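The values are calculated or read from the model by the stated rules, or taken from the named source; none is laboratory data. A quick note: this is a predicted structure, and the numbers were derived from the prediction, not measured. Don't worry about glycine lacking a Cβ; one is built from the backbone with ideal geometry, like all the others, and counts go over all protein chains shown. SASA here: full protein model, heavy atoms, side chains in, ligands and nucleic acids out. Shrake-Rupley method; radii C 1.70, N 1.55, O 1.52, S 1.80 Å.
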Amino acid sequence: MSRFAYVNGRFVRHGQAAVHIEDRGYQLADGVYEVWAVFDGKLADAAGHFTRLWRSLDELQIAHPMSQAALTVVLREAVRRNKVRDGLVYLQVTRGVAPRDHAFPNPAVPPAVVVTAKSVDRAAAEAKAARGLSVVTVPENRWGRCDIKSIGLLPNALAKQAARQRGAVEAWFVDELGLVTEGASSNAWIVDSEGRLRTRDTQANILRGITRTSLMEVIAGEGLPITEQPFTVEEAKAAREAFITGAGTLVLPIVSIDGVAVGDGKPGPVATRLRALYIQRAKEAAI
Ligand code: PDD
């Protein structure tokens, strides 16, 4: 099937889609990104992802390339042209194209915008979720502004590759105190030994996950105990359940950490139920 990408104002064939060699994203990772899950052709958690996008751009002093309404049209068109029913839509905004210099171009240049969309086999994803997946832990070695959804993802890419090589699906970063920060592309959660849902607070140097925030509303609706408190790797290994959240993985049960089984080594009831509830809610609210 032909795929299409949006590049700086027009849709082009995916295979021919290209940015300039002096795009500051390519040269300096000087840009930000967002990823929306797509259910039935509609954008999940749309408002949350837009709010974080504007914040990430403002933090880096990159101009908003277009209004939210206009960007929504582009994202939906990418979904439509790529015939995505269930999948992901990816947006990247960089500071733009300028002769290479570390300092920002002066005067400013227009930000560069790329959008792609791809299908996800939801049946296969559900089968994987039902089996549960593994994580490994790696030392936290990212910069101090992980709250910005920056495209500077080299430590994340190296961590994810380390996970793959050790037979796991995700890597959890661990800070100098032995506390889990978050995953290479997801937030980390446990159901601790006292039965409380636990995830690290966002005052720390982590990304404020939109799926994480939406899931908190689901958890509140269910009246489940929750605390925003970091946990150690040992606590996670001794937890009743573990799981990750993100637009790519939704809510995914984790059954092994560094080769140690979590609980009985099978997806736990809380994570399994939260996955179903999150998906139901995301589908209903998708636009
Ligand atoms: N990643 N933490 C990190 C480091 C992430 O990269 C992501 C998402 C999350 C979860 O955020 P959200 O719930 O808003 O998707 C947490 C996206 C999916 C990616 O890099 O593809």
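Residue by residue through the range 256-287, note down the ones that are at negative phi and either touching a Lys or Arg at 6+ places or on another chain (Cβ under 7 Å) or outside any helix (DSSP H, G or I) (or both).
Let us first name the residues in the range 256-287 that are at negative phi, namely 256-257, 260-262, 264, 266-287.
Within the range 256-287, 256, 257, 260, 261, 262, 264, 266, 267, 268, 286, 287 meet the criteria.
Looking for whichever is free of Cβ contacts under 8 Å to residues at least 60 places away in the same chain and either over 17 Å from the mean Cα position of the chain (by Cα) or part of a strand (DSSP E or B) (or both) here; the options are 230, 253. Which one fits?
Just one listed residue meets the conditions, 230.
Is one or more of the residues making up the range 173-182 over 28 Å from residue 282 (Cα atoms), within 16 Å of the ligand (Cβ to nearest atom) and either basic (Lys, Arg) or outside any strand (DSSP E or B) (or both)?
Looking for residues that are over 28 Å from residue 282 (Cα atoms), within 16 Å of the ligand (Cβ to nearest atom) and either basic (Lys, Arg) or outside any strand (DSSP E or B) (or both), one finds at least one in the range 173-182, hence yes.
How many residues does the range 27-53 contain that are within 22 Å of residue 97 (Cβ to Cβ) and without any contact (Cβ under 8 Å) to a residue 24 or more places away in the chain?
0
Does residue 239 satisfy the condition of being under 20 Å from residue 130 (Cβ atoms), in the same structural domain as residue 153 (by TED's automatic domain parsing), in contact with an Asp or Glu (Cβ under 6 Å, 6 or more places away or on another chain) and part of a loop (DSSP other than H, G, I, E, B)?
yes
What are the residues in the range 174-188 that are more than 19 Å from residue 35 (Cβ to Cβ) and among the hydrophobic types (A, V, I, L, M, F, W, C), if any?
174, 177, 179, 180
Could you run through the range 208-242 and say how many residues are more than 9 Å from the ligand (Cβ to nearest atom) and within 20 Å of residue 175 (Cβ to Cβ)?
So the count comes out to 14.
Being under 28 Å from residue 286 (Cβ atoms) and open to solvent by 30 Å² or more (accessible area, probe 1.4 Å) is the filter here; which residues of the range 202-233 pass it?
208, 213, 216, 217, 220, 221, 222, 223, 224, 226, 228
Exactly one of these conditions fails for residue 48: (1) open to solvent by 30 Å² or more (accessible area, probe 1.4 Å); (2) out of contact with any Phe, Trp or Tyr (no Cβ under 8 Å at 6 or more places or on another chain); (3) within 18 Å of residue 210 (Cα to Cα). Give me its number.
Only one criterion in (1) open to solvent by 30 Å² or more (accessible area, probe 1.4 Å); (2) out of contact with any Phe, Trp or Tyr (no Cβ under 8 Å at 6 or more places or on another chain); (3) within 18 Å of residue 210 (Cα to Cα) is unmet by residue 48, namely (1).
Every residue in the range 12-36 that is hydrophobic (A, V, I, L, M, F, W, C), within 16 Å of the ligand (Cβ to nearest atom) and either open to solvent by 70 Å² or more (accessible area, probe 1.4 Å) or not in a strand (DSSP E or B) (or both), please.
Of everything in the range 12-36, just one residue is hydrophobic (A, V, I, L, M, F, W, C), within 16 Å of the ligand (Cβ to nearest atom) and either open to solvent by 70 Å² or more (accessible area, probe 1.4 Å) or not in a strand (DSSP E or B) (or both), namely 29.
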